[in-house]
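The values are calculated or read from the model by the stated rules, or taken from the named source; none is laboratory data. Model, not experiment: these values are computed from the prediction. Cβ coordinates were reconstructed from backbone atoms using ideal geometry, including for glycine residues, and neighbour counts include every protein chain displayed. Only protein heavy atoms, including side chains, enter the accessible area calculation; ligands, DNA and RNA are left aside. Shrake-Rupley method; radii C 1.70, N 1.55, O 1.52, S 1.80 Å.
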Amino acid sequence: MAHGAGRLARKTASMMGAAAMQAAKRRRSEAEEDNAAVEAVHSGTAAVYNAARYHSPPSKTVANSKRAASLHKNTIRSEENVRSEFMKSSEHAAQAEHRKKERILSFQKKKRQRAIDEAKRKGSTIVTAGGFAASPNSMFTAPKKAKEAAKSFFSEHKGAILGICVAGLIFGLFALALSSGASLVQGSGTTVISTTYVSTDDDIYAAENAYCALEDGLNAQVNAIPSTHPGYDDYEYQIDEIEHNPYNLISYIQVKYGGFTYDDTVKAEISRLFQQQYAFSVSEKSETRTRMETVTEMQTVFDPSTGETRVEPVEYEREVEYQHRTLYTVLTNHSFDRVARANMTDEELILYNALNRTYGNRPYLFDLSSLSDGAGIQYKIPPEALSDEKFMNMLREAEKYLGMEYVWGGKSPRSGFDCSGFVCWVINHCGNGWDVGSKRAKDLCRMCIYVTPEEARPGDLIFFEKTYDTDGASHVGIYVGNNTMIHCGNPIKYGRIDTRYFKQHFLCFGRLPFYDN
């Protein structure tokens, strides 16, 4: 223990400077001298004592006996003196050792306190491999053998250690991904839960029905324009489809509210989204025009048979000016999906996309074949339709204008198209040698041959009614098969014909009378 303390004292003293080193050496030298003196006295006493006891023959003379007795007394006295001196030396050594320990402990305590103060000042903490706070002194006193052993272990097991690190990294990333997914579902911890609707079917249908009720009210508002705004000479409409994807709606509400119930909060959110999706406006335009009117004037007429004159009314036509008033009604569908995405953070969009891909793991809720949101769809032509040259000519011409905006009364690429203007242009310019002139949807419908939905084929026209207040067909598109049409909505696009909106307004299919000639 004394030697170990001496080594620690020498190392710590070397850190304190040359003066402390010299003092430590001097204290060690004094202790070693004390120990040597004690051993020497003890050895000398033992030698005399043994000589007196074992090397004096019993058959010697009395003189020898006296000398032996005297020697024995002297030996006893010497032994007592030695013992006394040994005790004093031992006490001196113990006191010296105690003072050494106190000085070492005091130095270590001061050193440790300085390290702690320095760590606080720098805002850092020295931590050992076991995770415990350590003083800087302990770092410098680490044995070289331990370092060499650690280095040797790492060298021998480098492959295994690297494998463990890689596995740990993969596990960490996987855990992080699960944690991120779980945090988006208000505490849910699995991927299955994060892509599943957690509300009841009743609450989901209640939310969807509420949105549909708002859309039905909007549709009724469009059709009631002539009665709510009477007295206009003309009514013009630019109306987008009134529709949304129900899965987009439910996915959005779950992202925002988790396992929601259809309460006042959800009602308010549905109303807010509806106002963002649809923009409805009416505007008036008035201009001076002329028209022929029948005018009645009183004129004096002479009757030659009686020779009398009389005044009687006379009617004639003349051109008169008047103010022509037109009411424009515009309904724009900004697409529910586009509106929903604008209301979500990047993290929320991850969950929203996942829910839409899986249909919330409830594909039975809504008709998957009729999903649309007014933004148009990607469409692949049925293989059996590709052999119809006349249809392919129509389709080739129609696809030139995909994405072009709707323009009320538009009849050409230069002016833009409305629904009937687009269909007439395609028929007249597709290269099939056809010409229908410029017709409204209702006029095109009258000239076509009626076909049942079961008989309808790509190239037929499809007609809808009551998309705004007018008699007969109010919208027309070109049927391309698989419940899909290409038509001038806003913009020109492919669209499903079996959505809720178009099923409500479906009128009939019609085949051009010269198609099969």
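Classify the range 405-517 as rounded, prolate or oblate, taking a ≥ b ≥ c as the square roots of the eigenvalues of its Cα gyration tensor: rounded when a/c is under 1.5, otherwise prolate if a/b is larger than b/c and oblate if not. Here the range 405-517 falls in the rounded category. P(r) tail, the range 206-279: Cα-Cα pairs separated by more than 17 Å, 50% of all pairs.
Compared with the direct C-alpha span, the chain from K503 to E297 gains 68.6 nm at full extension, assuming 0.36 nm per residue.
Normalised Debye scattering of the range 271-400 at q = 0.10 Å⁻¹ gives log10 I(q)/I(0) of -0.72, counting only Cα atoms as equal scatterers and leaving out solvent. Rolling a 1.4 Å probe over the protein heavy atoms leaves L371 with an accessible area of roughly 30 Å².
For a label point 7 angstrom out from the Cα of L386 toward its Cβ, which stretches of the range 448-462 have the backbone nitrogen within less than 20 Å? Taking a point 7 Å out along Cα→Cβ of L386, the residues of the range 448-462 whose backbone N falls under 20 Å are 457-460. Radius of gyration (Cα atoms) of the range 399-447, expressed as a multiple of 2.2 N^0.38 Å: 1.09.
Rolled with a 1.4 Å probe across the full set of protein chains, the surface gives S286 an accessible area near 60 Å². Accessible surface of the range 467-517, 1.4 Å probe: 44 percent of it comes from carbon and sulfur atoms.
Volume per residue for the range 366-459 equals 145 cubic angstrom (convex hull of Cα atoms).
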